[in-house]
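One structure is given here, and the rest of the page talks about it.
The values are calculated or read from the model by the stated rules, or taken from the named source; none is laboratory data. In this text, all values refer to a predicted model and were calculated from it rather than measured experimentally. Glycine gets a Cβ as well: all are built from the backbone with ideal geometry, and neighbour counts include every protein chain shown. Side chains included, ligands, DNA and RNA excluded: accessible areas come from the protein's heavy atoms. Shrake-Rupley method; radii C 1.70, N 1.55, O 1.52, S 1.80 Å.
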Amino acid sequence: MERDFLSAHMRNPPPIFRGMFSSLYPVPKTCLMLCPNKPQLGNISLFPSVHFNCFSCAALQTIEPNSPSVENPKLQYSFGSKRLSKELKYGAKERFFILNKKKGVKWYSEMLKDYATKLCLKEGKALHGEIIRSCIEPDSHLWVSLINFYSKCGDLAMAGNVFDLIPERDVVSWTALIAGFIAQGYGSKGICLFRDMRGENVRPNEFTLATVLKGCSMCLDLEFGKQLHAEVVKVAGFSDIYVGSALVDLYAKCCELESAVNVFFSMPEQNSVSWNALLNGYVQAGQGEEALRLFSKMSDSEMRFNNYTLSTILKGCASTLNLRAGRVIHSLLVKIGCELDDFTSCSLVDMYNKCGLQDDALKVFLRTKNPDTVAWTAMISGFDQQGQKREAVQLFCLMRHSGLRPNQFTLASLISAAADSVDLICCKSIHACVYKFGFDSEECVSNALIAMYMKFGSAFDGHRVFSSTSNRDIISWNSLLSGFHDNETSYEGPRIFRNLLVEGLRPNMYTFISNLRSCASLLDATLGKQVHAHVVKANLGGNKYVGTALIDMYAKCGHLDDAEVIFYRLSEKDIFTWTVVITGYVQSDQGEKAFRCFNQMLREAIKPNEFTLASCLRGCSGIASLDNGQQLHSLVIKSGQFNDMYVASALIDMYAKCGCINNAESLFKSVGSCDTVLWNTIIFAYSQHGLDDKALEAFRTMLSEGTLPDRITFICVLSACSHLGLVKEGRRHFDSMKVVFGITPSIEHYACMVDILGRGGKFDDMEHFIEGMELAPNALIWETVLGVCKAHGNVELAEKAANILFEIDPTAESSYILLSNIYATKGRWADVSKVRALMSRQGIKKEPGCSWVKIDNQVHVFLSQDALHPRLNDIHKKLEELASKITAAGYIPNTNYALHNVSDKEKIENLSHHSERLALAFALMSSNRNSTVRIFKNLCICGDCHQFMKLASIVTNREIVIRDINRFHHFSHGMCSCKDYW
């Protein structure tokens with residue numbers, strides 16, 4: 001009967017344990033004793049034939065051999081005998097079992113505590129199962145021990161189940177469960193449990209309040225934290241140092257530093273925890289200097305600081321780049337013997353890295369005996385932030401060889417480094433590494449991967465990572481947007497921006513900058529203005545970075561007035577802002593404004609960088625301002641930026657476009673190593689100055705030095721072949737583009753080839769070439785054909801080309817002028833009149849020819865038949881004097897270049913007053929006798945003026961340089977650099 005009763009009792013445990021067996025590990029029935037170092041029951045029958053009435057069978061499992069209440073060690077094996085039953089009366093037996101039962105509850109609590117410390121979830125569950133099978137009625141301590149055990153082992157669901165079974169839940173059990181959730185990072189859940197506890201009218205104690213305040217800090221729930229603060233005041237718990245420290249920590253983490261300070265100094269006493277909480281708050285708020293001052297007060301108060309305190313201060317030194325204070329803290333760490341501690345060594349490495357001392361950071365890192373993942377990550381991140389990308393990747397490889405597993409921050413830093421220094425294949429292998437370690441769902445890693453692919457121009461892979469990201473934040477969208485700035489994919493930027501807004505996300509500074517860059521690439525000012533409206537709504541109009549992006553967008557779209565308005569409204573302008581507006585002026589052919597803006601920047605003590613100088617030099621090139629260019633050259637030398645490829649290229653281009661090809665050549669030869677851009681600059685300069693042999697020689701040298709050409713290189717080379725009349729060599733270079741260098745010819749290359757064939761007089765080949773083009777002929781091709789026809793007087797083909805051009809763009813002035821000049825050269829004045837009438841009907845006016853020359857930093861402009869210059873009489877007198885000398889040298893006016901239907905006398909008169917001749921006369925009157933005369937013209941120089949200038953260089957013994965719309969002409973000793981082929 002007794003056996004049946006006990007068996008039934010075990011099969012049907014008390015209600016409080018029902019539903020829990022399925023989640024516990026079973027314990028063998030032959031092993032009731034759970035103390036590993038004590039003898040077990042072996043295979044003894046669980047239910048000896050003895051009359052126990054209805055006492056709990058837990059007593060059978062708790063009798064120990066050395067128990068003082070049991071004299072005979074063998075008693076645990078014979079306590080079912082009749083002798084024991086006889087010797088113990090009913091009351092004595094009951095006291096015996098109750099005593100051992102209490103001892104068992106205590107022992108189970110101690111074992112659960114031990115398992116919780118060692119995180120032995122499996123063993124603890126087995127012990128819990130034994131408690132259930134033993135029918136022990138847990139006391140409050142055992143209930144709390146079970147909750148603590150499951151919480152610390154991460155099984156919060158089981159902790160909640162145990163909590164639900166407690167018959168009377170007091171503040172201790174509630175606090176145990178709340179602490180368990182908060183310790184596992186569930187601050188919000190801990191707060192909800194606290195509300196439930198208060199709903200049951202359970203009053204919190206100091207430990208409860210401190211724990212829940214920690215949860216508020218964790219989820220930054222300041223409002224509920226303030227309510228708890230009021231609760232603290234009500235229960236007079238403020239005197240508890242842990243509650244006070246928790247309040248300081250809450251306010252500090254929520255950036256309520258004033259409240260944190262008030263609480264801190266209102267505490268009866270402060271400990272290291274409260275000090276550290278306040279210090280950490282200042283550091284997290286970016287107030288590193290305030291943290292240092294507070295640390296000084298802590299030192300003065302003789303409060304003993306620990307390595308956590310010093311690590312916090314090191315973070316403050318890192319954020320403020322305070323290297324001096326960081327070294328002082330380093331010396332303190334050495335003094336207290338914590339320098340090589342893993343925790344502090346990471347902070348030291350981070351501080352030295354952010355202060356730019358990678359060598360010192362590496363020394364600290366190498367002295368750390370067993371650097372953990374955090375230390376490795378700090379070092380990798382440091383290399384990445386200082387631009388040592390390859391070193392960061394190599395360090396990661398060493399970390400993997402050491403056997404350590406990276407975390408998400410390690411991989412995020414590694415991806416950032418790889419994106420700037422390694423090939424795409426290596427980056428994809430890093431992506432595979434992310435999957436291997438299971439961090440593909442981490443936001444920081446996914447965002448870094450998206451940005452990495454976008455930097456490599458692999459938009460498809462970046463978008464695929466973005467699509468697979470479940471939790472997309474604004475950083476994810478910004479990373480995606482960063483890859484759509486070039487001309488081919490810019491249209492995607494605005495579409496992504498719209499989707500971002502539809503998702504309900506709030507764009508930030510980086511969102512607007514990326515989207516504005518897309519609008520700038522699209523040259524879409526209308527779309528840019530819509531983005532500008534969003535910028536104003538977001539109250540970011542005064543942000544210097546967003547403002548710079550707006551200026552760039554408006555400038556590139558040709559809206560310089562809008563760009564200027566934004567520029568002058570910005571209260572803070574850095575070098576990038578000034579550079580953008582200067583570049584905008586240069587790109588809009590407003591070189592004078594660009595240089596004035598540059599001078600204003602210097603007056604405001606803004607030091608130019610290489611991009612500013614390069615842009616200004618391009619502006620000088622555009623207006624051929626040699627004086628300003630030379631001033632910039634001196635500034636380049638003073639700032640030591642000549643070795644920058646952009647600046648060197650811009651300097652060479654400036655001298656070349658100002659007519660100083662010798663200076664450009666000398667500068668090019670002084671550059672140590674040349675890239676493709678530099679080679680292109682000098683090849684183009686040679687070609688423009690008629691030194692086409694040198695241009696082709698430079699191209700051959702470029703190839704021999706291993707520098708690969710690009711599409712610009714071949715435009716320069718083909719142009720040189722055209723001017724030299726090298727048809728076969730030009731065809732060979734054209735064919736080599738695709739076959740040898742993998743460059744697909746553009747319409748500009750086809751136009752160059754048309755020019756080569758046309759100038760060589762091979763009109764049939766030229767027409768066949770146009771018919772066989774892979775690209776459809778456009779206006780550029782037919783303009784080239786029309787120009788070739790003018791050089792050769794091919795009226796029939798000129799008419800065909802002109803008619804096509806009239807259909808493509810009826811408002812293009814050059815098409816009418818070229819055809820009119822071809823007719824005039826042939827004396828077909830009726831056709832000239834028809835073309836002029838057609839121009840008039842289209843509302844087109846011929847741009848008047850003008851020339852200008854700079855004397856004493858002042859530009860003098862002359863029109864053909866000019867009658868406005870204040871020194872016109874002196875100019876005419878000088879011109880007549882010069883004409884008589886040139887006539888004596890053999891000059892005969894060529895009236896074929898007088899393109900008006902007038903008498904020969906009037907034609908000669910018109911030729912003598914062409915704008916370049918007036919400019920020459922004025923320059924000879926006003927400039928130094930030995931200086932070079934530099935004249936600039938907006939149209940192509942005519943053949944008669946060309947001959948005049950060659951003879952003028954003889955009679956004046958001066959070098960005359962004229963830049964017309966196509967090229968430079970260097971006249972010296974009766975010769976021209978173009979070899980009469982222009």
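For the range 874-982, which fully contained helices (runs of 4 or more DSSP H) count at least 3 residues that are among the small types (Gly, Ala, Ser)? Please lay out each step first, then the result.
Working: elements: 904-912, 915-926, 943-955.
Answer list for the range 874-982: 915-926, 943-955.
Could you say which residue among ASN161, ASN148 is in contact (Cβ under 8 Å) with a residue 60 or more places away in the chain, open to solvent by 20 Å² or more (accessible area, probe 1.4 Å) and over 45 Å from the mean Cα position of the chain (by Cα)?
Just a single option satisfies the conditions, and that option is ASN161.
Go through the range 324-375 residue by residue and tally those that are under 19 Å from PHE409 (Cα atoms) and among the acidic types (Asp, Glu).
So the answer is 3.
Just the residues that are in a loop (DSSP other than H, G, I, E, B) and not polar (S, T, N, Q), please, taken from the range 116-141. Even if it seems obvious, please write down each step before you answer.
Restricting attention to the range 116-141, the residues satisfying the condition of being in a loop (DSSP other than H, G, I, E, B) are 119-120, 134-139.
Answer for the range 116-141, where residues must be in a loop (DSSP other than H, G, I, E, B) and not polar (S, T, N, Q): LEU119, CYS120, CYS135, ILE136, GLU137, PRO138, ASP139.
Just to confirm my filter: which helices (runs of 4 or more DSSP H) fall fully inside the range 480-564 and include at least 2 residues that are modelled with pLDDT of 90 or more, of a type in the set (S, T, N, Q) and crowded, with 19+ Cβ neighbours inside 10 Å? Before you say what the answer is, go through the steps one by one.
Numbers: elements: 492-502, 509-522, 525-537, 544-556.
Where helices (runs of 4 or more DSSP H) fall fully within the range 480-564 and carry at least 2 residues being modelled with pLDDT of 90 or more, of a type in the set (S, T, N, Q) and crowded, with 19+ Cβ neighbours inside 10 Å, they are 509-522.
Out of (1) in contact with a Ser or Thr (Cβ under 7 Å, 6 or more places away or on another chain); (2) part of a loop (DSSP other than H, G, I, E, B); (3) open to solvent by 30 Å² or more (accessible area, probe 1.4 Å), the odd one out for ILE844 is which?
With (1) in contact with a Ser or Thr (Cβ under 7 Å, 6 or more places away or on another chain); (2) part of a loop (DSSP other than H, G, I, E, B); (3) open to solvent by 30 Å² or more (accessible area, probe 1.4 Å) applied to ILE844, the lone miss is (3).
Checking the structure you have, find out if any residue of the range 942-955 is open to solvent by 20 Å² or more (accessible area, probe 1.4 Å) and farther than 28 Å from ASP904 by Cα.
No, the range 942-955 contains no residue that is open to solvent by 20 Å² or more (accessible area, probe 1.4 Å) and farther than 28 Å from ASP904 by Cα.
Go through (1) on the phi > 0 side of the Ramachandran plot; (2) within 27 Å of the chain's Cα centre (by Cα) and name the single condition GLY337 misses.
(2)
Out of the residues in the range 738-761 that are modelled with pLDDT of 90 or more and assigned to a loop (DSSP other than H, G, I, E, B), state the one that is surrounded by the most Cβ atoms within 10 Å (Cβ to Cβ).
Quick first cut of the range 738-761, residues modelled with pLDDT of 90 or more only: 738-758.
Keeping just the survivors that are assigned to a loop (DSSP other than H, G, I, E, B) gives 740-746.
Values: VAL740: 11, PHE741: 14, GLY742: 8, ILE743: 17, THR744: 10, PRO745: 19, SER746: 15.
Here the residue is PRO745.
Let me spell it out: the conditions are (1) within 55 Å of the chain's Cα centre (by Cα); (2) among the basic types (Lys, Arg); (3) crowded, with 17+ Cβ neighbours inside 10 Å, and LYS907 meets all of them except one. Which number is the exception?
With respect to (1) within 55 Å of the chain's Cα centre (by Cα); (2) among the basic types (Lys, Arg); (3) crowded, with 17+ Cβ neighbours inside 10 Å, LYS907 is out only on (1).
Being touching a Ser or Thr at 6+ places or on another chain (Cβ under 9 Å), closer than 30 Å to LYS363 by Cα and surrounded by fewer than 20 Cβ atoms within 10 Å (Cβ to Cβ) narrows it down to one residue among LEU404, LEU424, LEU398; which is it?
Values: LEU424 fails: closer than 30 Å to LYS363 by Cα; LEU398 fails: touching a Ser or Thr at 6+ places or on another chain (Cβ under 9 Å).
None of the others qualify; the one that does is LEU404.
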